[in-house]
Amino acid sequence: MHSSTLKLPFYVKLSLTLVSLVSIFFILYIAREIIIPLLMALLFAILLRPCCAFLHHKLKFPHVIAAMACVILFVILILGVLTFVSWEIVDFGNDWNKIKENFSIHVSSLQQYVKDNFNISTYDQEKYIKDATDDTVKSGKEILGTTILSFTDTLVNAVLIPIYMFLILLYRTHFMKFLNKLFNNEDQIILVDILCQIKVAVKSYLVGLIIQMVSVATLTSIGFMIAGIKYAILLGVLTGLLNLIPYLGILIAMVVSIFATLTGTPELSMIFGVIIVTIIVQLIDNNILVPLVVSSKVEINAMASIVGIIIGGAIAGISGMFLAIPIIAILKVIFDRIEPLKPWGYLMGDDLPKTYEWRNIRFTNYSYDLNAENVQITTNQSSTEAHQVFTETSTQDLNDEKEI
């Protein structure tokens, strides 16, 4: 009996696509407290997988102990960074009165400038500020309630994410066998290719992100020390951490750093120093660090990145913004290997030439070549190796050469 394929009109396909997209985003929004910790744990588990394999295969740790040790080391590292930042913030809080004093000096100067150039009296300016403050105070209880709820969610996630990471590392092969049972035999090669490239893309992105974070923190701290800014190391570390939030993080870090300069002096030269150091570090970051260490195996264009970050922020706040780019990279890997979805994978990709050379000097090239070809990423793994991965009867981890 011959099977027939049902061909739907374009408007029916469009309607079904829109309904599917709305349903997906709605489910992500209402279930974000469950999905976000799982996705964060999955990304960190992929990052820790080589460490777990080293402990298991090289040092002969039992699989359970190796997974547990990796998660414990990861938690200790995070707690160490948070402890350092907390100690520095306590010292920073001791200068709060000086910050208010220096801030008042800048406010007075600004009020005088507005009075001289816009003919708005100081009394009117203070009245405007008072009215805005009153509106803020009225909603203070709601803001406080939201803040407490967010803090509670953060604490819950801080407990859940390490547990999820341990379980993902522990049952990794079990999940692989589940995927094997989910797809037909003729789709196994494509499935292995997708899983291999997802692992490579996510791991290269996260490792590059960590290197970028440390480099930005170091360069910013050195720059602030040279500029004579107080709490240079604290501000450098905060800049590196906030830089994990694409595009918006560095702006937040600069505002915090400018505010922190008021602990030392009310002079505007320090504020200009913060701005100059931030700009220089960002130039180094965008033109040297990102191309060298954050370049993923899957290229994503800036438009897709920005839209994804905005959608991620609308769904899950800062966590959604952090997860946006890895999720887009995973989707692109999947789309590039499924025939009907290849146009969408190409839409999210970036095949523009990155640089052009003029008199032995390289510049960013923003021109578009209509003949540019989309380079496909392939895997050297054979279908036999893939079959061995999925048909392993033990839940023990496989050798690194046969990993997915």
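Points worth noting:
- Contour excess over end-to-end distance, with Cα ends at HIS174 and LEU251 and 0.36 nm allotted per residue: 23.4 nm
- Between VAL85 and ILE189, the C-beta separation translates, for a Förster distance of 35 Å, into a calculated FRET efficiency of about 0.15.
- Listed peptides 162-173, 269-280, 24-35 by packing density, highest first (mean Cβ within 10 Å): 162-173, 269-280, 24-35
- Gain in span if fully extended, ILE276 to GLU339, counting 0.36 nm per residue against the direct Cα distance: 17.9 nm
- Cross-link pairs exceeding 29 Å between alpha carbons, from the set LYS7/LYS203; LYS203/LYS230; LYS58/LYS181; LYS58/LYS203: LYS7/LYS203; LYS203/LYS230; LYS58/LYS181.
- With the simple model of a label 7 Å out from the Cα in the direction of the Cβ, ILE310 to ALA31 spans 2.7 nm.
- A simple spin-label model places the labels of ASN97 and LEU21 5.8 nm from each other, with each point 7 Å out along Cα-to-Cβ.
- Prolate is the label for the stretch 167-290. Its Cα gyration tensor axes, ordered a ≥ b ≥ c, give a/c of at least 1.5 and a/b above b/c.
- Computed E for ASP116/ILE327 - FRET, C-beta separation, R0 45 angstrom, nearest 0.05: 0.30
- Extension gain (nm, one decimal) between ALA227 and LYS13, 0.36 nm per residue minus Cα-Cα: 71.1 nm
- Loop-located chymotrypsin sites (Phe, Trp or Tyr not before Pro) in the stretch 207-253, at most 14 other Cβ atoms within 10 Å (DSSP): TYR247
- Centroid-to-centroid separation of the stretch 160-217 and the stretch 60-91 [C-alpha atoms, Å]: 21 Å
Each value in this text was obtained by applying a stated rule to the coordinates, not by laboratory testing. Bear in mind the structure is a predicted one, so any value in this text is a computation, not a measurement. Cβ sites come from the backbone with ideal geometry, for glycine too, and all protein chains shown count toward neighbours.
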